[in-house]
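These notes concern the structure reproduced below.
Since every read-out is calculated from the coordinates, none of them should be taken as a lab result. Keep in mind that what you see is a predicted model, and the values were worked out from it rather than measured. Reconstructed Cβ throughout: ideal geometry from the backbone, glycine too, with neighbour counts over all protein chains shown.
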């Protein structure tokens, strides 16, 4: 034991001596430098960067040796430096598409509070884009629970203003949409069209005629129109704007966790053309599983010009606020298209899900499974256990990610611990839909949504995410929701699942890097790791918990290069 300690100490000294023998490109000091190493806060006095990597982290006295005549010295002036934020789950390409869509979100994200407001935003977009007869009009972000009418729009609502343009309204959850009659005609859906497996087409009362609302896999025919592939230069410009937006919130590694087939050439072109100035981790949709998994030419787990394909994504169920999440016990409020024992539904059969797990695990590809409801989580647990048993490799480091893991049970969290299943939670739901969940699920189930504290108590690593564009890509606000769990109305939901600010930051840095097998290069401030950094105007560990949301990103640095600086007033 003593020999091991001495060897580690010797290697550390050699590493320190090597770093101090080099001249840094830039050094930071004069503020709180939070390393995010370990389970307790650790501060250092100085951080040095060389060639895009961290050269030294430690005391000012030791660090002066790597300061040379060409070294740039940055005084943090009391601000806080920590690792750049790592996006546990979002949709950067969907955010890019949103620049070409009517913004339909309710406050505080947007301004739409009625169906009339939806129609007005669509008119503005039609005029801005100069759309002609027959061209598609798309809006996104509407939420029926926050409209004056307290209902989904219908085809008839849209037909009255847009009889000659196909119109699609994408729900805030991304798991349902409303289409008008012209859109239904364009995709050849009518009264004779059956509900697809894993989806529904809502009908007018007493008829088979589509009413407007389409859920889950029923959305598939509309996908190429709602999120089209445009002229490449237009798509690349939209992605560039999206990348800059993410960087302005301190994100140095972003996610696109459902690359649809028509978007694969676009995301690859963005990398080839140098548009990705931050790293982008991507998961192709399970629809093209056979094309990419097992394909020796497909670049799994390696960055190419800022793009890395990390795994395969499957949506096992839907949305809790949309009441399509698959539950083991029924919703407590009426569910559109369902009369009795309404528990939502899966988007995929257990047999097909098992087959996807077998395909990915046998080819060493990470699995990303969207699960909002506990019944959907049960399906993933079954698929995982079945596949691991067949493989006979108990030490296989699968790091299967269960995206959202929201309406889950305590026994499932224990299974996560035992099996190594990795949750990426979504605490923004508590703020945006806390009251909705209380009504739909009851106090007990709603309070256990995104159980961060219980997970940490079991030693489970996890990330936290915004699911942008479902909620805005703002890691600081996400940190605030994880620490406070306050709803829109100012009520606390699930106080026992609140975490400390440091624990909340771990889910955005060190533990998020683990999700992507990048713990050796990102997530903490250590010599040899990438110089992916964010500077904040205040330290989240030193302000009141309620004031965390007011902290602002001052600067975002990717591999030593400044990508964003907050304008000075």
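How high is the relative contact order of the stretch 140-266? Use alpha-carbon pairs under 8 Å, at least six apart in sequence, and give a whole percent.
This gives 18 percent for the stretch 140-266.
In Å, what Kirkwood hydrodynamic radius results for the stretch 233-561 from the alpha-carbon pair distances?
For the stretch 233-561, inverting the mean 1/r across all distinct Cα pairs yields 20.4 Å.
Give me the distance in nm between label points sitting 7 Å out from Cα along the Cα-to-Cβ direction at residue 291 and residue 60, one decimal.
Placing both labels 7 Å along Cα→Cβ, they lie 5.7 nm apart.
Multiply the residue separation of residue 519 and residue 71 by 0.36 nm, subtract the distance between their alpha-carbon atoms, and state the gained length in nm to one decimal.
Gain on extension, residue 519 to residue 71, equals 158.5 nm.
What angle do you read, to the nearest 10 degrees and between 0 and 90, between the alpha-carbon axis of helix 428-441 and the longest principal axis of the chain?
40
Using just the helices of the chain, give the 222 nm mean residue ellipticity in deg cm²/dmol: DSSP H runs with n ≥ 4 each add -39,500 (n - 2.57), and the total is spread over all residues, rounded to 500.
Theoretical 222 nm ellipticity from helices: -9000 deg cm²/dmol.
Starting from the Cα-Cα distance between residue 156 and residue 439, subtract it from 0.36 nm times their residue separation and give me the gain in nm to one decimal.
Separation in residues times 0.36 nm, less the Cα-Cα distance, equals 99.0 nm.
With axes computed from alpha carbons, what is the tilt in degrees of helix 232-247 against the longest principal axis of the chain, rounded to the nearest 10 within 0 to 90?
Result, in degrees: 60.
Regarding the stretch 483-569, what is the average projected area of its C-alpha convex hull, in nm²?
That works out to 7.6 nm², a quarter of the Cα hull's surface.
For the stretch 409-545, what class follows from the C-alpha gyration tensor (a ≥ b ≥ c being the square roots of its eigenvalues): rounded when a/c is under 1.5, otherwise prolate if a/b is larger than b/c, else oblate?
Cα axes put the stretch 409-545 in the oblate bin.
Take residue 234 and residue 262, extend 7 Å from each Cα along the Cα→Cβ direction, and tell me the distance between the two endpoints in nm.
Using points 7 Å along Cα→Cβ, the separation is 1.2 nm.
With labels modelled as points extended 7 Å from the Cα through the Cβ direction, what inter-label distance (nm, one decimal) is found for residue 340 paired with residue 544?
5.4
Could you tell me, in Å, what Rg and Dmax come out for the Cα atoms of the stretch 366-421?
10.8, 31
The stretch 126-194 to the stretch 20-77: how many Å between their Cα centroids?
Comparing the Cα centres of the stretch 126-194 and the stretch 20-77, I get a distance of 54 Å.
Taking square-rooted eigenvalues a ≥ b ≥ c of the alpha carbon gyration tensor, is the stretch 424-491 rounded, prolate or oblate, where a/c under 1.5 means rounded and, failing that, a/b exceeding b/c means prolate?
In terms of gyration-tensor shape, oblate.
Taking 0.36 nm per residue of separation and subtracting the Cα-Cα distance, what length does fully extending residue 298 through residue 116 add?
So the chain would gain 60.8 nm between residue 298 and residue 116.
Could you work out the Kirkwood radius for the stretch 101-226, taking every pair of different alpha carbons, averaging 1/r and inverting it, reported in Å?
14.4
With a/c under 1.5 counting as rounded, go ahead and sort the chain into rounded, prolate or oblate using the C-alpha gyration tensor (a ≥ b ≥ c being the square roots of the eigenvalues; past the cut-off, prolate if a/b is larger than b/c, else oblate).
prolate
Quick one: angle between helix 2-20 and the longest Cα principal axis of the chain, in degrees between 0 and 90, rounded to 10, please.
The two axes meet at around 90 degrees.
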